[in-house]
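Worksheet: one structure, shown below.
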Amino acid sequence: MTHVTVSTRLRVFALLALSAPSALPASERILLTPAQRANARIEIGVLGDVGSQSPTGVTVTGRVESGAGGRTVLAAPAAGGIVELTAQPGSALKRGQSILTLGGPDVAALQRTARAARAAATAAEQRVRRDRSLLKEGVIAASRLEQSEAEYATASAQLRQSTSALPGADLFSRDGELVVRAPVAGMLAGPSLALGERVEPGDTLAVIGTPSQLRVALAASPEVARSLRAGDALVVRGRGCEARAVLRSVGVGVESNQVVAVDALITDRDSCLLPGETVTASVAPHSSAKGSYALPPRAFVRRGAEVFIFVERADGFEPVLLDPQAARAGFARSDLLRRGDRVAITGSALLKGAWIGIAEEE
């Protein structure tokens with residue numbers, strides 16, 4: 001077995017690099033003196049060791065979104081302009097908290113209609129109460145009370161119709177202005193509106209997500225996406241909390257921004273994550289289950305199309321050729337690797353220099 005030190009001019013490596021540029025023999029070892037190793041600041045990660053420098057899986061970024069059962073959409077009941085903004089996308093909302101104020105002539109007309117409906121319903125309710133008392137005294141016939149009750153039911157339905165167009169809205173606190181309030185607690189997920197912006201009837205004023213049926217929309221590079229499968233476990237981390245999730249689907253095509261859409265479902269029943277929150281997700285794909293070990297990007301050394309890592313052996317560091325597809329996904333895969341192997345995470349630049357024969361003679 002050949003042993004090479006950094007302090008020697010590595011002509012043998014240079015000759016090998018010229019004659020066989022695709023790879024070097026895996027048996028070659030790179031020896032470092034204690035001083036050289038200290039200067040290189042080599043950090044070691046242990047394959048498969050949860051407490052090592054190695055991550056537990058691929059990390060991708062994304063955004064928490066509400067499922068169909070965990071989302072409330074507020075639409076404009078009339079045309080108008082945004083005259084006040086009291087919450088922005090990403091804000092946590094309490095029930096009844098003000099989000100924005102919509103103003104304009106159409107809003108004033110909506111208020112007049114609602115006020116008239118409320119007055120009619122109040123008058124109809126009073127007539128029902130009066131007629132019930134008169135019927136009890138024998139002053140009116142039962143048919144009169146039935147008519148009053150029917151009129152009250154109609155007036156109540158008209159009131160509900162005029163005030164339920166926007167759940168949580170405060171129609172009557174300001175003349176000509178409608179205060180939009182959150183009907184439920186949650187996270188304001190959008191849209192981004194501006195003061196003075198005009199909206200039309202039916203335009204979305206607010207999307208409020210609640211911690212129910214949460215999903216995570218993730219974006220993975222094509223290389224990482226190839227290593228993912230539906231059913232993979234995830235740990236989703238947000239601003240100070242985390243939750244468990246499971247991959248539901250991996251996109252089959254690359255989108256315009258050169259990523260693949262990945263969809264996950266949060267499985268924790270009680271989650272502190274909220275819709276609209278930006279998160280990272282650590283994934284443990286099937287490809288890492290056996291014979292593959294997750295490593296940070298700085299541990300990989302590339303020579304052309306080939307990827308290596310430096311494994312610490314008893315008498316030095318050995319370059320180990322990896323499966324390139326697994327390496328692109330962030331995993332070291334080789335028949336020469338075993339759980340517990342010690343791998344250079346940092347300091348690989350010096351090791352690579354010695355390996356290919358460019359180290360300077362001391």
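The values are calculated or read from the model by the stated rules, or taken from the named source; none is laboratory data. This is a predicted model, so every value here is computed, not measured. Virtual Cβ from ideal backbone geometry, glycine too; neighbours counted across all protein chains shown.
Worth a mention:
- Taken as a whole, the condition of being within 13 Å of Asp268 (Cα to Cα), small (Gly, Ala, Ser), out of contact with any Pro (no Cβ under 9 Å at 6 or more places or on another chain) and crowded, with 20+ Cβ neighbours inside 10 Å applies to Ala243.
- Subset of the range 301-327 (residues that are within 34 Å of the chain's Cα centre (by Cα) and not aromatic (Phe, Trp, Tyr)): Val301, Arg302, Ala305, Glu306, Val307, Ile309, Leu322, Asp323, Pro324, Gln325, Ala326, Ala327
- Neighbours by Cβ (under 6 Å, 6+ apart or cross-chain): first from the range 177-203, among the polar types (S, T, N, Q); second surrounded by 14 or more Cβ atoms within 10 Å (Cβ to Cβ): Ser192/Pro89
- Within the range 208-223, tally of residues that are modelled with pLDDT under 80, crowded, with 22+ Cβ neighbours inside 10 Å and among the β-branched types (Val, Ile, Thr): 0
- Hits in the range 301-315 (condition: of a type in the set (D, E, K, R) and not in a loop (DSSP other than H, G, I, E, B)): Arg302, Arg303, Glu306, Glu312, Arg313
- Among residues of the range 125-169, those that are loosely packed, with under 13 Cβ neighbours inside 10 Å, assigned to a helix (DSSP H, G or I) and touching a Leu at 6+ places or on another chain (Cβ under 9 Å), counted: 1
- When each of Ala230, Ala225 is tested for being without any contact (Cβ under 8 Å) to a residue 40 or more places away in the chain and touching a Lys or Arg at 6+ places or on another chain (Cβ under 7 Å), the lone residue that passes is Ala230.
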